[in-house]
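Inspection log for the structure reproduced underneath, given as structure tokens.
The values are calculated or read from the model by the stated rules, or taken from the named source; none is laboratory data. The model shown is predicted, which means the values in this text are computed figures rather than measured ones. FYI the Cβ positions are ideal-geometry reconstructions off the backbone, even for glycines, and counts take in every protein chain you see. Surface areas here come from the heavy atoms of the whole protein model, side chains and all, with no ligands, DNA or RNA. Shrake-Rupley method; radii C 1.70, N 1.55, O 1.52, S 1.80 Å.
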Amino acid sequence: MTKYKIAIIPTLIILALLAGFYFRGNIVDIFDSVGIKLGESFKNFKKFDFESIVNEIKKEILLPPPLQVGGPANDAVLVKSKIITETNLQRQQNGLPALTENTQLNNAALAKANDMFKNQYFEHVSPTGIDPAKLVTNYEYKYIAVGENLILGNFASEKEMVESWMNSQGHRENILNNRYTEIGVSVVKGTYKGDTVWIAVQEFGLPLSTCSEPDAQLKKQIDTNKIVLEELSAQIDRKEDEIRNTNQKSNEYRILVESYNEMIANYNKLAEETKSMVARFNAQVSKYNQCVSGS
């Protein structure tokens, strides 16, 4: 069986990390000389910083070589519902749960069968370059893993068709893949290179919705907090410069110190809240990546 892996970078899978944590400290040495109470010292904390890592997620596409079995033309009428039933019977016999029929995958499978008759090819990739991944995406199927089985020939029944797939190692592996949860099928009769034959398509899928994505709103709030913290840090630096250039015996000096300490408290409060948000977001990303990878 041929196995392709396509690496994509999803827009929502950004992992914010804590590189260090610096909570702004007061200037206690200066202010002690004038007896101003500064409250709790923050000197043991580190500045809050952010670092982004883009996680590469690999989506699996399983494509065994198309199967041509021949056989004489007959009057059998094949339907997709019975192909799904026979497929699920094979899974049941091998201790696997049944696949759920998916409309989007059905539509993709039908489009594939019709296109192969129309353009007289029998491959996973169309002459225009549409592979199964692009095909199901065109029908708005968001997936973690997909697979495609193709078969061409004449069959007495849906059972015979599915058994032909099961007798082929790659196609059998697709049917018995324990990651798939959904299926779409088409079966179409037509003329292929002068012969009247059936073409059947199975599209297997594990939908992206299986895995809970990290909270986009939480990530947005983290990014917003980062901007606010950076601005607060700059304000604190400016305030500290202002204090150092002010007469310590003046009333203005005392007011500046009080304002400075209030800014320190606000900064550290927001930094603590953001640190907690980052921890939650990181846990969500880790859980999502484990789900996607099947680990």
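Scanning region 154-169 for residues that are open to solvent by 10 Å² or more (accessible area, probe 1.4 Å) and out of contact with any Phe, Trp or Tyr (no Cβ under 8 Å at 6 or more places or on another chain) yields A156, S157, E158, K159, E160, E163, M166, N167, S168, Q169. Could you grab me the full set of residues in region 70-121 that are open to solvent by less than 70 Å² (accessible area, probe 1.4 Å), farther than 18 Å from I175 by Cα and either charged (D, E, K, R) or touching a helix residue (DSSP H, G or I) at 6+ places or on another chain (Cβ under 6 Å) (or both)? Those that are open to solvent by less than 70 Å² (accessible area, probe 1.4 Å), farther than 18 Å from I175 by Cα and either charged (D, E, K, R) or touching a helix residue (DSSP H, G or I) at 6+ places or on another chain (Cβ under 6 Å) (or both): L78, K112, D115.
Hey, any hits in region 116-137 for a residue that's in contact with a strand residue (DSSP E or B) (Cβ under 6 Å, 6 or more places away or on another chain), farther than 23 Å from V69 by Cα and in contact (Cβ under 8 Å) with a residue 60 or more places away in the chain? Yes; the residues of region 116-137 include at least one that is in contact with a strand residue (DSSP E or B) (Cβ under 6 Å, 6 or more places away or on another chain), farther than 23 Å from V69 by Cα and in contact (Cβ under 8 Å) with a residue 60 or more places away in the chain. What's the number of the condition T128 fails, among (1) in a helix (DSSP H, G or I); (2) among the β-branched types (V, I, T); (3) surrounded by fewer than 16 Cβ atoms within 10 Å (Cβ to Cβ)? All conditions pass for T128, except number (1). Restricted to region 74-125, and to residues there that are among the acidic types (D, E) and part of a loop (DSSP other than H, G, I, E, B), the residue that is modelled with the highest pLDDT is E123.
Residues that are more than 19 Å from Y141 (Cβ to Cβ), open to solvent by less than 30 Å² (accessible area, probe 1.4 Å) and outside any strand (DSSP E or B) within region 180-215 comprise just one, P214.
Residues in region 182-198: is at least one closer than 16 Å to E86 by Cβ and of a type in the set (K, R)? Within region 182-198, none of the residues are closer than 16 Å to E86 by Cβ and of a type in the set (K, R). A count restricted to region 240-255 and to residues that are in a loop (DSSP other than H, G, I, E, B) and surrounded by 14 or more Cβ atoms within 10 Å (Cβ to Cβ) stands at 2. Of the residues making up region 142-175, those that are touching a residue at least 40 places away in the same chain (Cβ under 8 Å), more than 22 Å from L208 (Cβ to Cβ) and in a loop (DSSP other than H, G, I, E, B) are N154, F155, A156, S157, S168.
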